[in-house]
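What follows is a short report on a single structure.
The values are calculated or read from the model by the stated rules, or taken from the named source; none is laboratory data. What you see is a predicted model, and the numbers here were worked out from it, not measured in a lab. Backbone-built Cβ (ideal geometry, glycine too); neighbour counts: all protein chains shown.
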Amino acid sequence: MDNKSHPNAPTANFIRSMREVATTLNSSYTSLLSSSVRLAEAGQDQDAMRLIELAKGIQWAESKVWRDAKDAGVSRIVKLSEH
């Protein structure tokens with residue numbers, strides 16, 4: 001199904017943007033984990049654990065965006081309200 005035959009079909013630019021968001025989320029996840037290690041090494045374990053919890057949420061969001069981008073690539077409708 002191409003974009004002309006269905007008004008809700010995702011565009012290539014939209015899918016590309018989703019992939020860019022997922023890549024940015026991955027970078028944020030990696031940075032948070034690195035920061036949590038440094039905090040733990042400095043004896044700030046509670047702060048490190050909070051960053052790890054935040055990183056887990058970001059990792060979940062990244063996985064969701066990758067899945068949605070893949071689905072959009074095969075012309076499945078993406079529910080933006082879930083993000």
#### Entry: Subset of the stretch 1-42 [aliphatic (A, V, I, L, M), more than 13 Å from Trp66 (Cβ to Cβ), outside any loop (DSSP other than H, G, I, E, B) and modelled with pLDDT of 95 or more]
Leu32, Leu33, Val37, Leu39, Ala40
### Query
Taking the stretch 27-48, which residues are under 21 Å from Ser63 (Cα atoms) and of a type in the set (A, V, I, L, M)?
Leu32, Leu33
### Query
When the residues of the stretch 34-46 are filtered to those that are over 25 Å from Ala22 (Cα atoms) and in contact with a helix residue (DSSP H, G or I) (Cβ under 8 Å, 6 or more places away or on another chain), which remaining residue is surrounded by the fewest Cβ atoms within 10 Å (Cβ to Cβ)?
Asp45
### Task
Determine whether Ala61 is in a helix (DSSP H, G or I), under 30 Å from Val74 (Cα atoms) and in contact with a helix residue (DSSP H, G or I) (Cβ under 8 Å, 6 or more places away or on another chain).
yes
#### Entry: Test result for Ser75, outside any helix (DSSP H, G or I) and either surrounded by 13 or more Cβ atoms within 10 Å (Cβ to Cβ) or at pLDDT below 95 (or both)
yes
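Look at the stretch 26-63 and say how many of its residues are of a type in the set (Asp, Glu) and under 25 Å from Ile15 (Cα atoms).
1
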